[in-house]
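Visitor: Encoded as structure tokens, here's the structure I'll be asking about.
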């Protein structure tokens, strides 16, 4: 199945860079034009239905991820949502983090002075987390579901079992490199909080993301504001405390409208199709890169992996990839490659041809 008509850039390059940014589709572009034409023609009247519009976005996101609409909040990106979450916690929480996790996860925790310890993201990631929980006894585990540089993916069945065994542990997931790669039932998962940007695997462009909360989490957030009366202005009616915290000020209907469009698009394709396609090309890529001794042992030894890979690099290899019009990104000590559903076996074969060229 070809997606070139929907993503014309694929006709001009081999795009292995979704882990940096997802692509803008032709249908999304047309929706954006229509949205801005409405603003252009109607001025302030264009925003008369914005409250209902944004609630509709929340409901679409909640349906897609099987969360509760009243616990679904629209934020500009992961970093904004996670920082708002952290500011709502008491300062005595102890955090277990992952070494070399995304800076937008680790830095806000560390810089606020929370007590922290770290689990190593290697082939024994889950066992490392368990060992740290038993010795450090954290109250919060915060981690990216897929590590942004290596592509190591946490076992979600482990997270569910972890929550069963440690029900008081708050488990916070960064879904930015995960959401949009497979079907996910938030309410049935072990996560208490899922926060994600939309511009990568969700393909919804920049300036949108979301926060999903379980019911029990609300008791931990912004307790210091609990006795302060909420605003009574008519335009803020029916706003909850957490809504005012996670969604202060105006929300951009263009950005969050794109998030709804992405949900509709993914539902039209089918998440089973997407996850099966990613599993297939991911397994082929891992096998091919492993046979060329291009993956670190931690990735090779794990049973399951994402479709993000990091390979050794050099100036000469970077030049060859650029000459072949293959788009990747430097991360850590290597080059990060990533495959989404619009990538093909031919894309992988082209990459391997370039990697196999003699210096």
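Just so it is clear, none of the values below were taken in a lab; they were calculated from the coordinates. From a predicted model like this one, the values you see are computed outputs, not experimental measurements. Because the Cβ atoms are built from the backbone with ideal geometry, glycine has one as well, and the counts that use them run over all protein chains shown.
Visitor: The range 40-72 to the range 286-359: how many Å between their Cα centroids?
Guide: Using only Cα atoms to place each centre, the spacing works out to 39 Å.
Visitor: Gaussian network model of the chain, Cα springs within a sub-10 Å range: biggest mean-square fluctuation belongs to which of 84, 232, 98?
Guide: 232
Visitor: OK, next. Expressed as cubic angstrom per residue, what is the convex hull volume of the alpha carbon set of the range 71-226? Before the final figure, lay out the partial values.
Guide: Numbers: hull volume 16.9 nm³, N = 156.
About 108 Å³ per residue, rounded to a whole number.
Visitor: Can you sort 245, 13, 179 from fewest to most other Cβ atoms within 10 Å of each residue's own Cβ? Before the final figure, lay out each step's value.
Guide: On the way: 245 16, 13 13, 179 29.
Lowest to highest Cβ neighbour count: 13, 245, 179.
Visitor: Continuing with this model, one more query. What spacing in nm lies between the two simple spin-label points modelled at residue 46 and residue 315, each 7 Å away from Cα in the Cβ direction?
Guide: That separation, rounded to one decimal, is 4.8 nm.
Visitor: At a Förster radius of 41 Å, what calculated FRET efficiency corresponds to the Cβ-Cβ distance of residue 37 and residue 187, to the nearest 0.05? Mind dumping the intermediate values first?
Guide: Details: r = 38 Å, r/R0 = 0.93.
Between residue 37 and residue 187 the formula returns 0.60.
Visitor: Note the full-extension length gain between residue 346 and residue 53 as 0.36 nm times their separation in residues minus their Cα-Cα distance, in nm to one decimal. Write down the numbers at each step before the final one.
Guide: Working: separation 293, 0.36 × 293 = 105.48 nm, distance 4.06 nm.
Working it through step by step, the gained length comes to 101.4 nm.
Visitor: Continuing with this model, one more query. Does anything in the range 173-214 have its amide N under 11 Å from the 7 Å Cα→Cβ label point of residue 252, and if so which residues?
Guide: Within reach of a label on residue 252: 205-209.
Visitor: Which order do the peptides 282-289, 31-38, 71-78 come out in when sorted by mean C-beta neighbours inside 10 angstrom, highest first?
Guide: Numbers: 282-289: 18.0, 31-38: 13.4, 71-78: 22.1.
My ranking of the peptides, most packed first, is 71-78, 282-289, 31-38.
Visitor: Can you tell me the FRET efficiency between residue 324 and residue 271 if r is taken as the Cβ-Cβ distance and R0 is 41 Å, rounded to the nearest 0.05?
Guide: Using R0 = 41 Å, I get an efficiency of 0.85.
Visitor: Modelled label-to-label distance, residue 232 and residue 219, 7 Å Cα→beta-carbon offset: nm?
Guide: For residue 232 paired with residue 219, the spin-label model returns 3.1 nm.
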